[in-house]
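Below: the structure, in structure tokens.
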Amino acid sequence: MTTATSTLYLVPTRSPAVTGLAWGFIGFSALVLALVTLPLLPGDALVASLGVETGSGGLTGGVAWLVERSRTVASLLMVGAAITLALSVALLQRRRWARPAFIALVGAGFVGVLGGAALTPLTFGFMADAAGEMASHEDSVAGLIGALSVLIMFATVLVVLFAWAGWKLTTPAVRAEFERTPIAAEG
């Protein structure tokens with residue numbers, strides 16, 4: 001006589017935080033993928049629409065540098081958005097490997113945003129010629145300060161989001177969502 005024992009898996013409830021996080025990053029990735037196709041369009045329509053003159057100083061020089069390398073930048077953004085999209089879908093499906101991979105992704109985002117926020121003032125510090133020229137125009141300086149303020153607020157929100165997502169994905173309740181713990185069937 002053989003005894004058949006069956007193993008049941010306890011399915012934990014799905015937390016709305018993980019589901020919301022996954023859907024948020026799915027939406028963000030889809031938006032980035034849609035927007036990143038603009039620089040990949042043929043022709044000089046993007047350069048003409050921005051009114052960028054190659055070799056001009058100040059902010060337009062930085063924009064010109066980015067536009068000249070738009071295909072490379074767009075390709076890197078597309079790869080990053082595709083990876084984020086794939087990880088977000090896997091996180092939504094509660095794949096076991098998705099949680100640590102997503103923690104690594106938000107960790108890299110955290111460091112990247114902090115690094116970018118730290119480099120921004122340095123970038124403006126290298127623009128001494130443009131700063132001297134803009135100092136004669138109070139509106140330009142006010143606009144630059146306003147832009148930096150918005151950038152710092154946006155970076156702060158992203159850093160807080162990444163820190164919260166990393167913390168949330170390491171809590172015991174969320175870890176349990178991604179693990180299939182076998183339990184013995186009652187006899």
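The values are calculated or read from the model by the stated rules, or taken from the named source; none is laboratory data. The structure presented is a predicted model; accordingly, all values stated were derived computationally and were not measured. Quick reminder, even Gly has a Cβ in these numbers, built from the backbone with ideal geometry, and neighbours come from all protein chains shown. When the accessible area is computed, the model is the full protein with side chains, heavy atoms only, and any ligands, DNA or RNA have been set aside. Shrake-Rupley method; radii C 1.70, N 1.55, O 1.52, S 1.80 Å.
Points worth noting:
- Neighbours by Cβ (under 6 Å, 6+ apart or cross-chain): first from the stretch 77-90, modelled with pLDDT under 90; second of a type in the set (Val, Ile, Thr) and buried (at least 18 other Cβ atoms within 10 Å of the Cβ): LEU77/VAL36; MET78/VAL36
- Unmet requirement for VAL111, which otherwise passes all of (1) open to solvent by less than 60 Å² (accessible area, probe 1.4 Å); (2) modelled with pLDDT of 70 or more: (1)
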